Amino acid sequence: MGQISAFLEWSARRGGALLGFGVFAGVLVPPLAAATRDVVTPVVACLMTLVLLRVDFGQVLGYLKRPFLVATLLVWVMLACPLIVFALVRAAGLDGPLGAAVVIMATGCAATSSPAFARLVGLDGEISLVVAVLSTLLVPFTAPPLALGLLGIDLAISLEGLMLRLALVVGLPLLISLAIRRIAGQARLTRHGRAVDGAVVLLVVLYGFGVMDGLQARILAEPLWVLGGVLLAFAGNFGLNLLTALAMRPLAGPGVALAAGLLSGNRNMALYLAVLPAATDPRILLFFALCQFPLFLSPFLLRPVYDRIRRHGA
């Protein structure tokens, strides 16, 4: 048991390198990606459980010292951003699967890694934690009506079906994490916190293998399409980041605005990959896989930008 715990803690310390390995190994070793594709949904459910297990909901409630700011951020991230992206996609004439995928990406909740990413680049991790947790709990009720109802995107699933699947992938891990927290006790969870973090890293690596299934074949068959998808994924991530930072600056100040921008750009595509049916256009699913590149690389690419902004502000 001690060796397993030590290995998991080592995984937590080497998280950045392991995450990068997971994404690129899935592309470079197609049999590995194919072998793990079918476990993406249970892996995402386990991942959500462990992430929520590490969330201190009492701490989250304590962070709600500025309810108006938190509510404004949630409305902006979960409602305003998808509508703005939809309008921009329409204006740009970006029809077809890629256009639909970009809009769906904008309906997603903030990535559960947002607080860690914020601290990694020296931004406010507290507001990131609050918005990431609350947006995850809200996404089953906001994303399906936007994507399927208001925006009319065809995902080969009904509105009710998508809401139910998202609710299950979010709700069951929440209930399981609360049960584990009650049985294990906070002291034990705190003592083994780094081991849980390491398990999260390993699950994300496994998820990274599976979501890259078919990407190498697509690169070889349609390299320009994949390149366009990667560029669009980065544009969507960084564009939402910039748009949110500019919109929130007058309300929240530069520090919180930058943190809000980072979490707005980094959306959780794992939930969609876990719940969308196989009949969904494969190019939409492939775009969600391509979104993992800006997600995992954004802290390293943007750290110099944030450092320069802070020096300029000082």
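The values are calculated or read from the model by the stated rules, or taken from the named source; none is laboratory data. The structure presented is a predicted model; accordingly, all values stated were derived computationally and were not measured. So basically every Cβ, Gly included, is an ideal-geometry build from the backbone, and we count neighbours across all protein chains shown. Surface accessibility is based on the protein's heavy atoms, side chains included, excluding ligands, DNA and RNA. Shrake-Rupley method; radii C 1.70, N 1.55, O 1.52, S 1.80 Å.
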*asked:* Condition first: closer than 15 Å to residue 133 by Cβ and more than 19 Å from the chain's Cα centre (by Cα). Now tell me which residues in region 70-88 satisfy that.
replied: 71
_Enumeration of residues in region 268-314 that are outside any helix (DSSP H, G or I), farther than 20 Å from residue 165 by Cα and touching a residue at least 60 places away in the same chain (Cβ under 8 Å)_ = 291
*asked:* Here is a check on your reading of the model: is residue 275 under 15 Å from the mean Cα position of the chain (by Cα) and aliphatic (A, V, I, L, M)?
replied: yes
_Subset of region 72-100 [open to solvent by less than 50 Å² (accessible area, probe 1.4 Å), more than 30 Å from residue 225 (Cα to Cα) and not hydroxyl-bearing (Ser, Thr, Tyr)]_ = 73, 74, 76
*Criterion: open to solvent by 70 Å² or more (accessible area, probe 1.4 Å), touching a Gly at 6+ places or on another chain (Cβ under 6 Å) and closer than 23 Å to residue 61 by Cβ - qualifying residue of 119, 182, 188*: 119
*Kindly indicate which of 262, 243 is touching a Ser or Thr at 6+ places or on another chain (Cβ under 8 Å) and closer than 23 Å to residue 24 by Cβ.*
262
*Could you count how many residues in region 134-144 are in contact (Cβ under 8 Å) with a residue 40 or more places away in the chain and either in contact with a strand residue (DSSP E or B) (Cβ under 6 Å, 6 or more places away or on another chain) or open to solvent by 20 Å² or more (accessible area, probe 1.4 Å) (or both)?*
4
*Among the residues of region 281-314 satisfying the criterion of being touching a helix residue (DSSP H, G or I) at 6+ places or on another chain (Cβ under 9 Å) and over 24 Å from residue 17 (Cα atoms), which is surrounded by the most Cβ atoms within 10 Å (Cβ to Cβ)?*
284
*Spot the failing condition for residue 176; the list is (1) more than 17 Å from the chain's Cα centre (by Cα); (2) surrounded by 18 or more Cβ atoms within 10 Å (Cβ to Cβ); (3) aliphatic (A, V, I, L, M), and only one is missed.*
(2)
_Tally of residues being free of Cβ contacts under 8 Å to residues at least 24 places away in the same chain and surrounded by 21 or more Cβ atoms within 10 Å (Cβ to Cβ) across region 238-256_ = 1
*asked:* Between 200, 131, 170, 205, which is modelled with pLDDT under 85, under 18 Å from the mean Cα position of the chain (by Cα), open to solvent by less than 50 Å² (accessible area, probe 1.4 Å) and within 30 Å of residue 248 (Cβ to Cβ)?
replied: 200
_Residue check for residue 159: at pLDDT below 85, open to solvent by 40 Å² or more (accessible area, probe 1.4 Å) and closer than 20 Å to residue 271 by Cα_ = yes
*Which condition does residue 194 not pass, out of (1) open to solvent by less than 40 Å² (accessible area, probe 1.4 Å); (2) touching an Asp or Glu at 6+ places or on another chain (Cβ under 7 Å), if it passes all the others?*
(1)
